[in-house]
1. Name the pairs whose Cβ atoms lie under 6 Å apart, with the first residue in the range 85-108 and over 13 Å from S72 (Cβ atoms) and open to solvent by less than 40 Å² (accessible area, probe 1.4 Å), the second aromatic (F, W, Y) and assigned to a helix (DSSP H, G or I), and 6 or more positions between them or separate chains?
2. Between a first residue in the range 51-76 that is in contact (Cβ under 8 Å) with a residue 12 or more places away in the chain and a second residue that is part of a helix (DSSP H, G or I) and open to solvent by 40 Å² or more (accessible area, probe 1.4 Å), which pairs have beta carbons less than 7 Å apart while being 6 or more apart in sequence or on different chains?
3. May I ask you to list the residues in the range 224-242 that are open to solvent by less than 20 Å² (accessible area, probe 1.4 Å) and within 17 Å of L154 (Cα to Cα)?
4. Among S215, S166, S182, S207, which is among the small types (G, A, S), closer than 26 Å to I112 by Cβ and free of Cβ contacts under 8 Å to residues at least 40 places away in the same chain?
5. How many of the residues in the range 140-149 are at pLDDT 90 or above and open to solvent by 10 Å² or more (accessible area, probe 1.4 Å)?
6. Could you list all residues from the range 175-191 that are part of a helix (DSSP H, G or I) and either aliphatic (A, V, I, L, M) or buried (at least 19 other Cβ atoms within 10 Å of the Cβ) (or both)?
7. Can you tell me how many residues within the range 164-193 are small (G, A, S) and in contact with a helix residue (DSSP H, G or I) (Cβ under 6 Å, 6 or more places away or on another chain)?
8. Just need a number here: residues in the range 124-136 that are in a loop (DSSP other than H, G, I, E, B) and touching a Gly at 6+ places or on another chain (Cβ under 8 Å).
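The values are calculated or read from the model by the stated rules, or taken from the named source; none is laboratory data. Please read all numbers here as calculations on a predicted model, not as lab measurements. Quick reminder, even Gly has a Cβ in these numbers, built from the backbone with ideal geometry, and neighbours come from all protein chains shown. Remember, those area values only see protein heavy atoms, side chains included, never the ligands or the DNA or RNA. Shrake-Rupley method; radii C 1.70, N 1.55, O 1.52, S 1.80 Å.
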Amino acid sequence: MHCVWVVMVVLLDLDKKLALSACVIDDVVDLAEQMSNPVMLKDSRGRYLYANQSSISLFGLSHQNDVVGLNSKELKGKVTHRWHDTFEQAISDLDSFVVKKRLSGRDNMRAIPCQDGTLRIQDMIKKPMVSNLSDKVTSIFTFSENLTDNIDRLALLSLYVEFYSSHLVAVRYFLKYLSIESLFIKTPSLREMETVLRIAALGNQKSVSNQMGISTRTVEENIRKIKQNKLANEYLWSVLLELIRNERRNLKIK
């Protein structure tokens, strides 16, 4: 987060001296390009003036020119794995709020699809850039913070289920995010996936039974179905080991 505040301070300092223009954008490009999180700049009408490489990659595009000049609706039409209409509307509403009220705005815990179908859970911050010459918002600075790796795996799985209408599709992309999809020849059911996650975290079936509010026999049945029908090999421990070793894993079972 430190780098984004540096970018914002530079923008604010420059904007005190002159109306926002191409030269102001140039002054922040070097900083923004070093950031792993998306950084964007729009004009007051919601059209992109600048997007750093992280933004371009998130959209599945290649070049700055693929983004510059578009609004969020036009950009949505260009990306391969399109986000929901609710996100497009949220962007538009937040842009309007920032311009009209000249206040910063936030969109918290939003799930948006990456181009491979996995989800990015993010907080988005928008800040108005106000010119002293006109006292109007000349542009909108946008920074998105990636929260995905800090969310416990069960909560993240629930967000996949909320986003995708099909549970199987949700689980399939969730496995892809965990980089263990190759260990399965058939996508496990949602309940089976929840069982595996808890087994990896808790280590024994009785604890899993208590956490899920199901019998140990049901836990055993979920495991049996995975072992017999859905693994690329017969060893469930290989899946559990990958879950335990996964650096992004941060289960918080309640």
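1. G105/F97
2. Final answer for the pair search is A51/Q64; N52/E33; Q53/E33; S72/S92.
3. V239, the sole residue that qualifies.
4. S166
5. The qualifying residues number 3.
6. Going through the range 175-191, the residues part of a helix (DSSP H, G or I) turn out to be 175-177, 181-183, 190-191.
Scanning the range 175-191 gives L175, Y177, L183, L190.
7. In the first step, residues of the range 164-193 are kept if they are small (G, A, S); the result is 165-166, 170, 179, 182, 189.
With in contact with a helix residue (DSSP H, G or I) (Cβ under 6 Å, 6 or more places away or on another chain) added as a condition, the list becomes 170.
Number of matching residues: 1.
8. 0
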